[in-house]
Amino acid sequence: MDSRSISFKKRKTSRHRCVACYKMFNRREHLVEHMKIAYHSLHQPRCGVCLKHCKSFESVREHLNVPDHLFKGNCKAIFSKRGCTLCLQVFEEAIALADHKNKCQLSPPRPLGTSTQRNPSRSHAGSRLKAVALDCEMVGGGDDGTIDQCASVCLVDEDENVILSTHVRPLLPVTDYRHEVTGLSEEDLKDGMPLEDVRARVVSILCGGHNDGAGRLLLVGHDLRHDMSCLNLEYPSNLLRDTAKYVPLMKTNLVSQSLRYLTKSYLGYKIQSGKHEPYEDCVSAMRLYKRMRDQEHGCSSGKGEGNGLNSWKQSDLEKMKAEELYQNSTSEYRCWCLDRLSNP
């Protein structure tokens with residue numbers, strides 16, 4: 001064997017492999033830089049077969065659709081036989097998968113009229129905060145109907161009971177009821193609650209009846225900033241649980257998915273086939289939140305926020321093995337599974 005072959009073999013065997021996503025790097029410092037921007041952690045979505053970490057569940061879905069001969073693995077073949085297409089878990093036996101699917105695939109929410117009104121409260125499980133879901137429907141104001149005005153509001157608790165459901169009297173004359181989407185008409189809104197009264201009611205619910213403005217509930221929804229804007233509502237960002245902005249539920253390029261897509265892909269039923277029902281949207285957002293919250297990710301040294309590698313010197317990081325880098329890395333987002341443990 002000549003010197004060039006020996007040199008090539010040495011370079012090939014000395015490459016550094018990321019233990020999370022399996023990328024290979026020729027130099028340790030390149031692996032370190034990768035780990036600092038990848039934010040690998042126990043909270044990242046990953047393939048149930050090969051355990052490869054991905055940025056989002058959509059990235060996992062793409063990974064599972066790659067033909068096995070191209071990936072040089074058998075993830076697609078195994079998942080097609082023993083994997084749940086909704087939550088992406090993989091099971092040892094087909095019978096276990098069948099039992100799981102009966103629980104994982106949900107039915108559309110029951111009609112609003114069968115729900116009971118109640119007041120939300122703290123959970124009895126330790127100090128965990130209760131969550132409520134919010135959805136608003138807007139009609140159009142202004143000459144061209146492009147000014148969003150709140151026309152209906154719905155709030156539900158974790159058990160899908162209605163806390164508040166009301167039509168809202170718009171501040172400006174309505175020039176577009178957007179009936180095909182909202183199903184609303186002039187008749188529906190003429191006896192609606194004034195916007196300020198609705199806003200005060202929502203704030204009272206979120207603050208537990210107090211007037212101090214301090215949030216006491218987690219607020220769940222899809223594209224919450226839009227709903228909050230039409231209500232002229234402000235709420236602490238650490239208490240928001242937005243299914244449109246939660247990294248594991250976003251597209252592979254970290255662009256938001258629609259609530260309709262998320263509900264079909266992760267819960268197994270269709271919504272918004274015709275007009276949008278605020279109660280249906282509230283329940284679907286809440287179910288998505290609870291599905292993400294109830295994931296088991298094991299113990300983590302960090303709190304699931306920031307990047308623990310930034311607290312280390314570059315020279316110290318370059319001395320670490322790949323496993324040590326992974327153990328000290330943390331997620332760039334706060335995983336919702338942490339909501340089961342304590343207050344945000």
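Got a number for residues in segment 62-104 being assigned to a helix (DSSP H, G or I), without any contact (Cβ under 8 Å) to a residue 60 or more places away in the chain and either over 24 Å from the mean Cα position of the chain (by Cα) or surrounded by fewer than 17 Cβ atoms within 10 Å (Cβ to Cβ) (or both)? Show your work before the answer.
Step one: of segment 62-104, the residues assigned to a helix (DSSP H, G or I) are 62-64, 68-71, 75-82, 94-104.
Subset that is without any contact (Cβ under 8 Å) to a residue 60 or more places away in the chain: 63-64, 68-71, 75-82, 94-103.
Adding the requirement that they be either over 24 Å from the mean Cα position of the chain (by Cα) or surrounded by fewer than 17 Cβ atoms within 10 Å (Cβ to Cβ) (or both) leaves 68-71, 75-78, 80-82, 94-96, 98-103.
Residues that pass the stated criteria total 20.
Taking the conditions exactly as written (out of contact with any Cys (no Cβ under 8 Å at 6 or more places or on another chain) and not in a strand (DSSP E or B)), does Ala200 satisfy them or not? It is true that Ala200 is out of contact with any Cys (no Cβ under 8 Å at 6 or more places or on another chain) and not in a strand (DSSP E or B).
The listed residues are Leu217, Leu240, and the only one of them that is touching a residue at least 40 places away in the same chain (Cβ under 8 Å) and within 22 Å of Arg334 (Cα to Cα) turns out to be Leu217. For segment 219-231, does any single residue satisfy the condition of being more than 30 Å from Cys87 (Cα to Cα), buried (at least 16 other Cβ atoms within 10 Å of the Cβ) and modelled with pLDDT under 95? Checked against the condition, which is being more than 30 Å from Cys87 (Cα to Cα), buried (at least 16 other Cβ atoms within 10 Å of the Cβ) and modelled with pLDDT under 95, segment 219-231 yields at least one hit.
Every listed requirement among (1) of a type outside the set (Gly, Ala, Ser); (2) over 24 Å from Arg15 (Cα atoms); (3) out of contact with any strand residue (DSSP E or B) (no Cβ under 9 Å at 6 or more places or on another chain) is met by Leu51 save one, (2). May I ask you to verify whether Val132 is in contact (Cβ under 8 Å) with a residue 12 or more places away in the chain, touching a Gly at 6+ places or on another chain (Cβ under 8 Å) and not in a loop (DSSP other than H, G, I, E, B)? No. For segment 257-264, state whether one or more residues are open to solvent by 60 Å² or more (accessible area, probe 1.4 Å), at pLDDT 95 or above and under 10 Å from the mean Cα position of the chain (by Cα). No, segment 257-264 contains no residue that is open to solvent by 60 Å² or more (accessible area, probe 1.4 Å), at pLDDT 95 or above and under 10 Å from the mean Cα position of the chain (by Cα). So which of Asn328, Asn307 ends up being modelled with pLDDT under 90 and touching a helix residue (DSSP H, G or I) at 6+ places or on another chain (Cβ under 7 Å)? Residue meeting the stated conditions: Asn307. With respect to the conditions (1) at pLDDT below 95; (2) buried (at least 16 other Cβ atoms within 10 Å of the Cβ), Leu239 lacks only one, and its number is (1). Only one of the listed residues (Leu164, Leu184, Leu206, Leu189) is open to solvent by less than 50 Å² (accessible area, probe 1.4 Å), among the aliphatic types (A, V, I, L, M) and under 23 Å from the mean Cα position of the chain (by Cα). That residue is Leu206. Assigned to a loop (DSSP other than H, G, I, E, B), within 30 Å of Gln44 (Cβ to Cβ) and open to solvent by less than 60 Å² (accessible area, probe 1.4 Å): is that true of Ala214 in this structure? Spelling it out, it is not the case that Ala214 is assigned to a loop (DSSP other than H, G, I, E, B), within 30 Å of Gln44 (Cβ to Cβ) and open to solvent by less than 60 Å² (accessible area, probe 1.4 Å). Would segment 267-288 turn up any residue that is charged (D, E, K, R) and either under 24 Å from Arg340 (Cα atoms) or within 12 Å of the chain's Cα centre (by Cα) (or both)? Yes, because at least one residue in segment 267-288 is charged (D, E, K, R) and either under 24 Å from Arg340 (Cα atoms) or within 12 Å of the chain's Cα centre (by Cα) (or both).
Of the residues in segment 1-43, how many are over 26 Å from Leu338 (Cα atoms), of a type in the set (A, V, I, L, M), modelled with pLDDT of 50 or more and surrounded by fewer than 19 Cβ atoms within 10 Å (Cβ to Cβ)?
2
Look at (1) surrounded by fewer than 20 Cβ atoms within 10 Å (Cβ to Cβ); (2) among the hydroxyl-bearing types (Ser, Thr, Tyr); (3) assigned to a helix (DSSP H, G or I) and you find that Tyr269 fails only one, number (3). Among the residues making up segment 154-173, a single one is in contact (Cβ under 8 Å) with a residue 60 or more places away in the chain, touching a strand residue (DSSP E or B) at 6+ places or on another chain (Cβ under 7 Å) and part of a loop (DSSP other than H, G, I, E, B): Glu158. When segment 154-180 is filtered for residues that are among the hydrophobic types (A, V, I, L, M, F, W, C) and touching an Asp or Glu at 6+ places or on another chain (Cβ under 8 Å), the ones remaining, listed by number, are Cys154, Ile163, Val174.
The values are calculated or read from the model by the stated rules, or taken from the named source; none is laboratory data. All of these numbers come straight from a predicted model, not from anything done at the bench. With ideal geometry, Cβ positions are generated from the backbone for all residues, glycine too; neighbour counts draw on all protein chains shown. The accessibility values were calculated without ligands, DNA or RNA, using every heavy atom of the protein model including side chains. Shrake-Rupley method; radii C 1.70, N 1.55, O 1.52, S 1.80 Å.
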